[in-house]
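Take a look at the structure below.
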Amino acid sequence: MAKVEVKKLTKIFGKKTQTALEMMQQHQPKTEILKKTGATVGVYDVNFDVKEGEIFVIMGLSGSGKSTLIRLLNRLIEPTAGNIYIDGEDVSQLNKEELREVRRHKINMVFQNFGLFPQRTILENTEYGLEVRGVPKEERQKKAEQALENSGLLSFKDQYPNQLSGGMQQRVGLARALANDPEILLMDEAFSALDPLIRREMQDELLELQASVQKTIIFITHDLNEALRIGDRIALMKDGEIMQIGTGEEILTNPANEYVREFVEEVDRSKVLTAQNIMVPALTTNIEVDGPNVALTRMRSEEVSMLMAVDKKRHLKGIITAENALEARRQKRPLTDFLDENVTTIDKDMLVNDIFNIIYDSPTPLAVVDNGKLRGVVIRGSVIEALAETSEVSEHE
């Protein structure tokens, strides 16, 4: 079951909602609907689901309906039609008290403008949500301090918002949301007001926090590069409708229509493609089993001068070169005595753009490792080819 499920969600602002809905069904533009009915289409017939622990990014240009959509999810704006399910419960049907409980315990929201109380200290701001819930003072202070420590802000707990930079204030806003330990975090253009360097740092911090807290996050942005960087999946909106949902790779590779294609055409694909996209199978020797002769025979048949050395569980141990294998055979000793552990490893999610600087100076292929296990290797030719292809695509477009 999805953590969040949205079905046929629609919001029409104005009085002639039924007429406006009929015009939307006839695919008439928002401007024409506004002209004839006075009604504004905020969101129309939106359907998607969000998995538990997923960062789901909703993006689009100004006026696309993305901010209206996120406010419909916790009913800060009431839907005209459709349903919103959280853990299978239809939030759109809850009464005020039931909705209040959902907001207190399941959903929290981080806004663009930080929303900090200037007269409260950083600690007092962070524990505010817990205070509203009636959590005892000692307990809420402990939780707030832990949230600040996770965000690297504990030493600032007795300062006031105006004593902190914009980036630090936004980190306090994030810490305040996490102190409530919500299951779902709604983030509406949370980093848009920050300068580019601080914004990237906040993106890094969000990803690091997510690795440890594993919240379900719905993130609104107008920045495609931000969406590609943090989103597990992306929903791209236009005029209140979703044009396409998919991973960053799927949207870049197979845009659903001309609008999506034009939207993503300026993206530098070297900043999206990862090691996983360009790695090749690794030529290996199992040093728990293989001897020098087996390793040398494999090198000869594959026409290579080195092999990645792994154990029975494919944990990377190092490299065996032809010279070392020959020396092991000459001395009649095991391959483990001649293992070269000086091998550069990278994560499967490292961007091609970042890989280039590493592999440029590496005498060996880069080992793509996931939880200690060898998944493949990246060779210099693959990186150059990927960079060349992205350049050709840009020129073609």
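The values are calculated or read from the model by the stated rules, or taken from the named source; none is laboratory data. Because the structure is a prediction, the values reported are computed rather than measured. A quick note on method: Cβ atoms are made from the backbone with ideal geometry, for glycine too, and the neighbour counts reach across all protein chains shown.
Structure data summary
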| read-out | value |
| --- | --- |
| Pairs, first outside the structural domain of Pro281 (by TED's automatic domain parsing) in the stretch 356-377, second of a type in the set (A, V, I, L, M, F, W, C) and outside any strand (DSSP E or B), C-beta under 7 Å, six or more apart | none |
| In the stretch 22-52, the residues that are outside any strand (DSSP E or B) and either in contact with a helix residue (DSSP H, G or I) (Cβ under 8 Å, 6 or more places away or on another chain) or surrounded by 20 or more Cβ atoms within 10 Å (Cβ to Cβ) (or both) | Met23, Met24, Lys30, Glu32, Ile33, Lys36, Thr37, Ala39 |
| Whichever residue in the stretch 316-361 is surrounded by 14 or more Cβ atoms within 10 Å (Cβ to Cβ) and among the aromatic types (Phe, Trp, Tyr) and, among such residues, is farthest from Leu207 (Cα to Cα) | Phe338 |
| Residues (assigned to a strand (DSSP E or B) and farther than 22 Å from Ala235 by Cα) located in the stretch 2-21 | Phe13 |
| Count of residues meeting criterion [among the basic types (Lys, Arg), more than 17 Å from Gly246 (Cβ to Cβ) and modelled with pLDDT of 85 or more] in the stretch 258-312 | 3 |
